[in-house]
Amino acid sequence: MKSRFSSYSRRIILLLPLALLLLGPTGCSTTRRLPEGEILYTGVKKIAIQAPDSLPLGNGIAADVKAAVNVKPNNSLISPYLRYPFPLGLWVYNNWPNPEKGFRHWLYEKLVAEPVLISDVRPEVRTHMIDEILDNNGYFRGHASYELVQGKNKRKASIRYNVEPGPTYLLDSIQLLPDTCYLNHLIDSVASRSTYLRSGQRYCVDSLSTERMKIANVVRNHGFYFFKPDYVEYLADSTITPLKISLRLMMAKGLPKPVLQQYSTGKITTRVYRANGGGTPDTISSRKGDIIVMRPARLRPHLLPPCIAFRPGRVFTVRAMNNTQTYLSRLGVFNGIDINVYPDTAAAKPTLNVDIDCTFDTPLEASLEVNVTSKSNSYLGPGLVFGVTNRNLFGGGEQLSVTLNGSYEWQTGHNRGSVFNSYEAGITATLAFPRLLTPSFVMRSRRDLNWTRISLNADFLNRPHYFRMAQFNAALSYDWQLRRYYSNTFTPFKITYTKLLRTTQEFDSIMGANPAIAQSFMTQFIPQMQYSLTFSRDWGDNQTFNWQLNLQEAGNVFWAIWRACGVKGEKKLFGTPFSQFIKGQSQVVYGYRLTGDNWLVSRLAVGAAHAYGNASTVPYSEQFYVGGANSVRAFPVRSLGPGSYRPDATLVNGYFDQTGTFKFEANVEYRFPIYGPLHGALFVDSGNVWLLKADPQRPGGELKADSFLRDLALGTGAGLRVDIGMLVVRGDLGIGIHAPYDTGRRGYYNMTSFKNSLAFHLAIGYPF
C-alpha cells in the first residue's frame, strides 16, 4: 500500500507543472463556473459564543457546537478554519473543460475538486442543530444565528456563527418512583445514590440517559433480564420554579409481563464444537451443568466449569453472562463463543435456561514479523521474529510457543552511532498453563485467569568492536491477580548462565584497567528469585496512575545449601562461580489530563543493588544506567555517572564504566496533539547512577548525601510522535542543562556549547 501511494504521489507531483502550464492561459479563477446565485464556501470565520451568566459553557458543549458546524471547505488544512493557499482542484474545475477521453480527461479526473457551496453547508440547518444542543444541555432560551462574511469577491464567503446560550436551567426537586414493588425499590436505590440526580445540577439530556443506563444495568444484574433503559422515563417541568427543572421518574406504560419478572438461572448447557465441524457428542456432567463435547477433541473435563459464572437456581445476572464470555475467551482455545438464554416455560417460577456454544480455534498458529525494535538502552534497528504457538497442547488451554528472533541494532544519541552497532539472535520456548500449579492453600483470584509459565531461552550477542557473548536462562514463574488493579508475578526459580565467547584486544584493555567491571563480565551462573507487583488504575478519563515494584535476590538459596554442607570460600555451581546479590526497583508514573488531549505525565524511579557473599560486584547485566531514549534524553545511553565520575574524554570505551548500583530518575512531560496522528511533547529529565561501594578506579562515583543534588544531570527538550494506535514512532531532541561531571565551565549550566548539549533519539513507543 505504501509503495502504491508513493507512486501515485510522485505522478501527481510530476503532473502539477504540466497542469499549471495548461491552465496558465485561462487564468486561475475559483468561482467562474459557479451556478447563478451560488456562493463558494471558504470555511468558518468564527464561532462566537456569548457565555451565559458570565460563566463558561458546560464541559463538551463547545465541542458539540464545533462538530455541528464542522464542514470541510475546499483545500482544507485544519477544518473548518484554515485552507491551503493553492486550490488546485478548484482551478481545474473552473478553468479547464472536461474532455470525454484521453490524457486530458485522465488528468482532469485526478486533479479536479467539486466546489463546496454555501447551499451545500446549509447554515440555517446548522444553527437549528446548535439550538437543539443548547436545549439538550439546559439552555432553553438559547439561540444561534449566522452571517456570511464576504470580501471583494461576493461569490465567496465564510460563515460566522453567533451563539447566545441564555440562562442555565438547573435541577430542582427529584421525585422517585413509589416504593410499591421490588423493581421500583431497585430503581429508587440507584437514583438516590446518583451523583447527577441532585438539586443544583445543570439539566442535560446526555446525563439523564447515562443515569438510565446505570439503572438498567443494576436492574438486569438483579434478575430482570428483559429490562431496557427506555423503560425508565423522566417528566421534566420548568413552570414551577423560574430557571429550575422539577424532575419525576416514571415507568413506561404498557410494559410486557416478562419485563417486570425477576428470573432465576435454570439449566446450563455448554456445547463444544470442533474447528472443522462434525464429530460424536460426548456428555460430561458438572456442577455447572452438562458439557457436550464433539469428539475427538482435546479437552480436559476440569477446564470449562471454572469459566462458567452462572449458578443453577440463583438469580440470573447479565454480569455472569459477561464474565462467562470473558473467562472462556481468555483461555485462547476458542474462535467463537455464543451465549443464548431463553425462558423455561415448564418451570414453576420465572427461569432462564442458558446455552453456551464454543467452537475450537485451530490449535497451531505461525507468525512472522518484520519490525523495528527499540530498547530501553537506545538501541534501534530492524528485527525479524518468527513464532509458532500451540494454543491447546494437552487439552487444558496450555500454550507452547517457540520464537526465533534476530536483529541488527545501532545506538541513537550523540556521537554513538557507528561505535556500538551490534547484532543479536535468539530462541525462546515457553510453556504456559492457564492456572497456578501450586498447593491449593495459596491464595488466588477466580475472577481472573492465572498463569504458570516455564521458559527456556538462549541468546547470542555480538558487538564487533568488543565481544561476543552467549546467555542461557531457564525460569518458572506465576502470574496472578489477587485483587482488582493489582497484578503479581512471582518467579521462584530463574537461572542464567552468561559466557564471553570472544573478546577483542580493545575490550581486554578496558577490563584490565577496571577490575570491578571485569568481575561483572566474568563467566558465571546467576540463580535468582524475583517478585513483581504492579498497581494500575485510571480515575475517569482524566487521571492515570501506575506503580511498579520489583524485588529480586540471587544466589542466597545456593549459598545457604553449600554453607550447610560445609563448603567454605568461593562456592561454585558445576565448576563455575555463581553471583550473589539483592536488588530492588520502584517506579511511579502519573498522568493528568489538562484539557482535551493535552496530558502532563510524570515519572519517578529509584533502584538499588548490592553484591555480597559469593560475589564482589553485581553482574553487569543487572547494574543500572541512565541516559538514552527512555531516560535522561539530553545525554546518550550510559554516558552519565556513576556520580560525578567521567572517563577520559578521548575514550569512547568509557561506556563500560558508566553503570552503578543505585539509580534515581525523575521526568516530567507535557504531551499535546498537533494534527491528526502527529503529537508533540515538551519534557524535563533528571537523574544519575551511583555506586554503593567506593571504587578507586571511578573517583566521585560513590553515593553521598552532600553531593547528591549536584550529581543529578538535568536536561530538557522537545519531541514529535506519530501515534497510529498500535504503533508510536517517537523522535526526541534533548538539550543538556547540567552535567554532573567537570566540563571546565563554572555555574549550574556547565555545557561546553549548545551544539554539544544536543542529543537526538529515535524510538518506538512512549518513554514511560
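The values are calculated or read from the model by the stated rules, or taken from the named source; none is laboratory data. In this text, all values refer to a predicted model and were calculated from it rather than measured experimentally. Ideal geometry is used to build each Cβ from the backbone, glycine not excepted, and the neighbour counts take in all protein chains shown. Quick note on the areas: whole protein, heavy atoms, side chains included, nothing else; ligands and nucleic acids left out. Shrake-Rupley method; radii C 1.70, N 1.55, O 1.52, S 1.80 Å.
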> Over all Cα pairs of region 470-608, how is the pair count split among 5 Å bins, expressed in % and running from 0 up to the last occupied bin?
Replying inline: 2, 8, 13, 13, 14, 13, 11, 9, 7, 5, 3, 1, 0, 0
>> Quick check: Cα centre of region 103-147 to Cα centre of region 283-324, how many Å?
In response: 54 Å
> Can you list the residues of region 561-598 with backbone N under 12 Å from a point 7 Å past the Cα of Leu604, pointing along Cα to Cβ?
Replying inline: 587-590
>> Just the number please: accessible area per residue for the chain, 1.4 Å probe, all protein chains included, in Å².
In response: 51 Å²
>> Keeping all protein chains in place and using 1.4 angstrom, which order do Trp599, Trp539, Trp96 fall into by accessible surface area, from largest down?
In response: Trp539, Trp599, Trp96
>> Within region 611-768, what whole-number % of the accessible surface is contributed by carbon and sulfur, with the 1.4 Å probe and all protein chains included in the calculation?
In response: 64 percent
> Rounded to the nearest 10 Å², what accessible area does Ser407 show when all protein chains are kept and the probe is 1.4 Å?
Replying inline: 20 Å²
>> Can you compute the FRET efficiency between Ala705 and Ala666 using 1/(1 + (r/R0)^6), with r the Cβ-Cβ distance and R0 = 22 Å? Round to the nearest 0.05.
In response: 0.80
> Hey, any idea what % of region 161-271's accessible area is carbon plus sulfur with a 1.4 Å probe?
Replying inline: 52 percent
>> For Lys572, give me every one of the aspartates and glutamates with a C-alpha distance below 16 angstrom, ignoring sequence neighbours fewer than eight places off in its own chain.
In response: none
> Tell me, how many Å apart are the Cα centres for region 663-741 and for region 614-641?
Replying inline: 13 Å
>> Can you give me the % of accessible surface on region 32-113 that is carbon or sulfur? Probe 1.4 Å, all protein chains present, nothing else counted.
In response: 54 percent
>> Just to be sure I understand the model, the point goes 7 Å from the Cα along the line to the Cβ. What's the resulting Arg193 to Arg502 distance in nm?
In response: 6.8 nm
> In nm, what is the difference between 0.36 nm times the number of residues separating Ser29 and Phe472 and their Cα-Cα distance?
Replying inline: 152.3 nm
> Within straight cross-link reach of Lys46, meaning Cα distance under 28 Å, which lysines are found once same-chain residues fewer than 8 apart are removed?
Replying inline: Lys66, Lys72, Lys152, Lys154, Lys156
> How long is the chain along each principal axis, judged by its Cα atoms, biggest number first, in Å?
Replying inline: 93, 87, 63
>> Past 31 Å, Cα to Cα: identify those pairs from Lys45/Lys214; Lys214/Lys288; Lys494/Lys704; Lys571/Lys663; Lys499/Lys704; Lys499/Lys568, in the order given.
In response: Lys45/Lys214; Lys494/Lys704; Lys499/Lys704
> Want the number for Val567 to Thr362: 0.36 nm per residue separation, take away the alpha-carbon distance, what's left?
Replying inline: 68.5 nm
>> How large is the accessible surface of Arg330 in square angstrom, using a 1.4 angstrom probe and rounding to the nearest 10?
In response: 100 Å²
>> Assuming 0.36 nm per residue, please report the length gained on full extension of the stretch Val402 to Tyr592 beyond their Cα-Cα distance.
In response: 64.4 nm
>> From the protein chains alone at 1.4 Å, what is the descending order of accessible area for Glu147, Glu164, largest first?
In response: Glu164, Glu147
>> List the aspartates and glutamates whose Cα sits under 15 Å from the Cα of Lys101, skipping any in the same chain fewer than 8 residues away.
In response: Glu109
